[in-house]
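First the structure, in the form of structure tokens, and then the observations on it.
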Amino acid sequence: MQNKPKMTDAVRYFDAPQLDRDLEARLQAEFEAKRTASRFLAEGPNGNRPTLADIPTVAPIRVPVSEVSDITSQILRKNADACGTAIAQGLRPYNFEVRKGDPTVSTPFEKAPHLKETEACRIKIVNPDGSHGLIVVKVTNFNKGHAVVTPSGLRYDGVKPELMTKNERPACRVLGFHADENGKILSVDPALTNKGVAWTTGSVKEIVDKVARSAINAQKQQAVTAKKDSRPMPTPSGRFSTQPADRKPSSGMKF
């Protein structure tokens with residue numbers, strides 16, 4: 001089981017809407033307490049002017065971690081479904097097989113249960129050399145740090161949670177694997193990582209465009225290779241051979 005990175009400080013969760021209401025009430029009370037003397041004289045000593053003792057305090061209401069975790073999991077799962085559907089629709093003209101991702105929502109950080117990760121989809125690809133591959137698109141509700149690709153999944157480095165959780169931004173983490181014909185993962189494909197780091201983007205369109213462009217380039221490369229291999233090759237005797245020449249397989253899509 002992959003070790004989860006630990007963070008130095010635990011994140012505390014408060015009921016932000018209630019905090020806003022309490023703060024507004026306090027500011028209003030302070031405003032009333034600081035009314036001018038003319039207002040006080042007009043209303044008399046028994047007027048409605050509050051004293052400092054009547055000003056309410058702002059008492060943060062703690063939200064249970066389990067509730068935070070459940071809510072963020074539901075939101076992320078919904079976003080991942082929408083992301084996977086959009087990718088599948090965008091790649092439909094190119095005849096890609098796009099499968100729904102693993103719906104499991106995981107928490108990469110023990111002390112930040114609002115930071116989540118799940119899969120949006122899996123895209124089956126065929127490399128120019130004929131080998132099979134798999135592009136996995138994961139969705140996180142944070143875009144900070146580097147998503148390092150490991151055989152057991154992603155490891156996030158350099159992630160620091162926002163003090164205000166509403167400031168967190170979602171991101172897609174795109175990584176690739178060698179796979180068999182059925183889409184079973186065999187190993188990490190270094191050509192489908194950015195020096196061992198998953199490609200991070202906030203744009204579904206960018207993912208669709210890049211995968212589609214890679215497919216078009218692969219088809220062109222296959223056509224060029226097939227055309228070259230069909231040409232007769234000169235032999236030492238001066239005759240031409242119809243046997244295809246040995247060629248190095250071309251690399252697949254790179255992030």
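The values are calculated or read from the model by the stated rules, or taken from the named source; none is laboratory data. On a predicted model such as this, the values are computed, not experimentally measured, just so you know. Neighbour counts are summed over all protein chains in view; Cβ atoms, including those assigned to glycine, are modelled from backbone coordinates with ideal geometry. Only protein heavy atoms, including side chains, enter the accessible area calculation; ligands, DNA and RNA are left aside. Shrake-Rupley method; radii C 1.70, N 1.55, O 1.52, S 1.80 Å.
FRET efficiency for the E181 to N143 pair, using the beta carbon distance and R₀ = 30 Å, is estimated at 0.30. What does the C-alpha gyration tensor say about the overall shape of segment 48-201? Classify as rounded when a/c is under 1.5, otherwise prolate if a/b is larger than b/c, or oblate. Prolate is the answer for segment 48-201, as a/c is 1.5 or above and a/b outweighs b/c. Ligands, DNA and RNA aside, E30 has an accessible area near 50 Å² when probed at 1.4 Å. Between E97 and V68, the simple label model (points 7 Å from Cα in the Cβ direction) yields a spacing of 4.2 nm. Between the amide H of N194 and those of W199, distances stay under 5 Å, these residues lying 5 or more places away or on another chain, with hydrogens modeled in the peptide plane.
Per-residue surface analysis assigns L27 an accessible area of about 90 Å², computed on protein heavy atoms at 1.4 Å probe radius. Could you give the accessible area per residue of segment 94-183, probe 1.4 Å, as a whole number in Å²? Counting only protein heavy atoms, the per-residue value for segment 94-183 is 46 Å².
For segment 81-209, the share of accessible area belonging to carbon and sulfur comes to 51 percent (1.4 Å probe, ligands and nucleic acids excluded). The S106 and S203 beta-carbon pair, evaluated with R₀ = 25 Å, returns a calculated FRET efficiency of approximately 0.60.
Of K184, K116, K210, the residue with the largest accessible area leads and the full order is K184, K210, K116 (1.4 Å probe). For the pair I75 and S131, the difference between a 0.36 nm per residue extended length and the Cα-Cα distance amounts to 16.5 nm.
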